[in-house]
Amino acid sequence: MRPLKNILFLLILIPFLISISACSKNPYYKRNEFALGTVIQITCSDQRAIDIAFNEIKRVENLLSKYVSDSEVSKLNTSGKLKVGPDLLYVLTKAKEFYITSNGAFDVTVGPLVDIWKKAIKNKVLPQEEDIKKAMQLVGFDKVVIDEKESTVAFLKEGMSIDLGAIGKGYAVDCAIKKVRDYGTKSCLIAIAGDIYCLGNKNGEPWQIGIQHPRNKKDLLDALNLENQAVSTSGDYQQMVIIGNKRYSHIIDPRTGFPSDSKVISATVLAPDCLSADALATTIFVLGKTKGMDLVKYYKNTKALIYTEDEVNAFDTF
Ligand code: ADP
Ligand code: MG
């Protein structure tokens with residue numbers, strides 16, 4: 001009699017457990033908005049937290065985007081010297097650190113070169129060598145003076161300009177995550193294009209992040225399960241132009257003045273914060289696989305998945 005009783009108990013218990021887990025699943029809300037020149041997707045169990053995150057991202061955009069005419073970055077680019085707030089001071093201090101550790105491969109003073117290549121990508125016409133040479137004289141973080149005490153930033157050459165395209169989105173993700181955490185939310189995913197932070201987990205399961213195949217849009221190169229981690233991917237497939245069978249991407253090698261030619265076509269970095277993941281993913285693109293991996297190893301709790309053209313061609317997709 002006893003075993004039968006146990007079986008009955010189990011039969012009653014199993015549907016009960018199933019219904020408990022079904023009831024305990026939080027509903028999630030997903031919202032997409034456009035800011036920082038791209039689509040932002042936020043998934044969270046609390047609608048108010050989503051509002052808080054979007055507001056914070058827009059605050060950061062209004063400070064750091066060079067496409068917002070009265071942002072601090074635009075004012076600095078116009079005047080060459082500015083007393084800046086804590087956000088820009090912090091981002092530029094970190095940008096300087098990545099400039100040093102990457103031996104100049106990561107350099108937010110690429111502004112003049114970015115403008116030239118952006119035009120080339122849009123018009124599908126290669127720039128004049130002369131223009132590249134001129135622009136290169138205005139590039140180099142060694143020509144930026146940061147006075148942390150006075151909170152001022154100054155360029156040593158007229159015509160210099162900074163472009164935070166490779167670090168600003170990661171910083172905006174970190175700021176939004178901080179706000180959402182302070183509000184008390186334990187589970188949220190914020191994705192500014194390929195710059196993502198996974199806060200907590202989703203109903204007890206890790207967040208699942210797919211890495212897009214850089215050549216076949218519908219395929220995945222990798223799938224990651226993440227909790228409390230940032231991930232950023234830089235690829236040569238979103239903004240680029242093919243001229244004479246050669247692909248020119250939007251990531252510039254500041255040492256040559258030309259788009260990076262390192263053979264890396266997709267670089268994903270996992271890091272404790274999204275600013276670092278964002279900056280490192282771009283840097284790997286310039287440094288190439290071997291030097292890129294060495295740099296990632298230098299940073300604690302940071303990992304990278306780097307694919308070259310040949311590796312991707314030989315890859316079995318998901
Ligand atoms: P995405 O903008 O597609 O997310 P990235 O994070 O890799 O890609 O950033 C690329 C952007 O960073 C470029 O559009 C440009 O604004 C800027 N940039 C390009 N080359 C460099 C570089 N070597 N160092 C720092 N910033 C760069
Ligand atoms: Mg980046």
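Carbon and sulfur together cover what percent of the accessible area of the chain at a 1.4 Å probe radius? Carbon and sulfur atoms account for 54 percent of the accessible area of the chain. The aspartates and glutamates whose alpha-carbon is closer than 19 Å to the alpha-carbon of residue 66, local same-chain residues fewer than 8 away aside, are 56, 87, 107, 115, 158, 163, 195, 278. Largest GNM mean-square fluctuation among 71, 187, 232, using the chain with Cα springs under 10 Å: 71. Secondary-structure-derived ellipticity at 222 nm for the chain, considering helices only, amounts to -13000 deg cm²/dmol, per-run term -39500 (n - 2.57) for DSSP H runs with n ≥ 4. For a paramagnetic label modelled on residue 246 (point 7 Å from Cα along Cα→Cβ), amide N atoms under 16 Å away belong, within region 96-119, to 117-118. Shown here are the Rg and Dmax of the Cα trace of region 53-209, at 17.6, 57 Å.
Among the listed pairs 133/157; 30/169; 96/143; 81/157; 179/303, those with a Cα-Cα distance over 22 Å are 179/303.
With an a/c value of 1.5 or above and a/b not larger than b/c for the gyration tensor axes a ≥ b ≥ c computed over the alpha-carbon atoms, region 121-234 is described as oblate. For the pair region 162-201 and region 293-314, the centres of their Cα atoms are 22 angstrom apart.
Sequence-ordered 3J(HN,Hα) estimates for region 42-53 from the Karplus curve with 6.51, -1.76 and 1.60 and θ = phi - 60° stand at 10, 10, 7, 7, 10, 5, 5, 5, 5, 4, 4, 5 Hz, glycine and proline given as x. In the structure shown, the pairs 58/289; 83/263; 94/246; 119/149; 94/263 are assessed against 31 Å; a Cα-Cα span above that value is assigned to 58/289; 83/263; 94/246; 119/149.
Calculate, for residue 313 and residue 100, the FRET efficiency according to 1/(1 + (r/R0)^6) with r their C-beta to C-beta distance and R0 30 Å; round to the nearest 0.05.
Efficiency, from the Cβ-Cβ distance: 0.30.
Taking every C-alpha pair closer than 8 Å and separated by at least 6 residues, the mean separation divided by the residue count of the chain gives a relative contact order of 17 percent. Applying both filters, DSSP loop and at most 16 other Cβ atoms within 10 Å, to the trypsin sites (Lys or Arg not before Pro) of region 27-126 gives 124.
I need the shape label for region 65-155. Rule: rounded when a/c is under 1.5, else prolate if a/b > b/c, else oblate, with a, b, c from the alpha carbon gyration tensor.
Since a/c reaches 1.5 and a/b is larger than b/c, the shape of region 65-155 is classed as prolate.
How much accessible area per residue does the chain have, in Å², with a 1.4 Å probe?
That works out to 53 Å² for each residue.
Taking 25 Å as R0, compute the FRET efficiency from the Cβ-Cβ separation of residue 125 and residue 67 and round it to 0.05. Using R0 = 25 Å, I get an efficiency of 0.65.
The values are calculated or read from the model by the stated rules, or taken from the named source; none is laboratory data. Small disclaimer: the values here were computed from a predicted structure and weren't measured. Virtual Cβ from ideal backbone geometry, glycine too; neighbours counted across all protein chains shown. Each accessible area value is taken on the protein alone, full model and side chains, heavy atoms only, with ligands, DNA and RNA left out. Shrake-Rupley method; radii C 1.70, N 1.55, O 1.52, S 1.80 Å.
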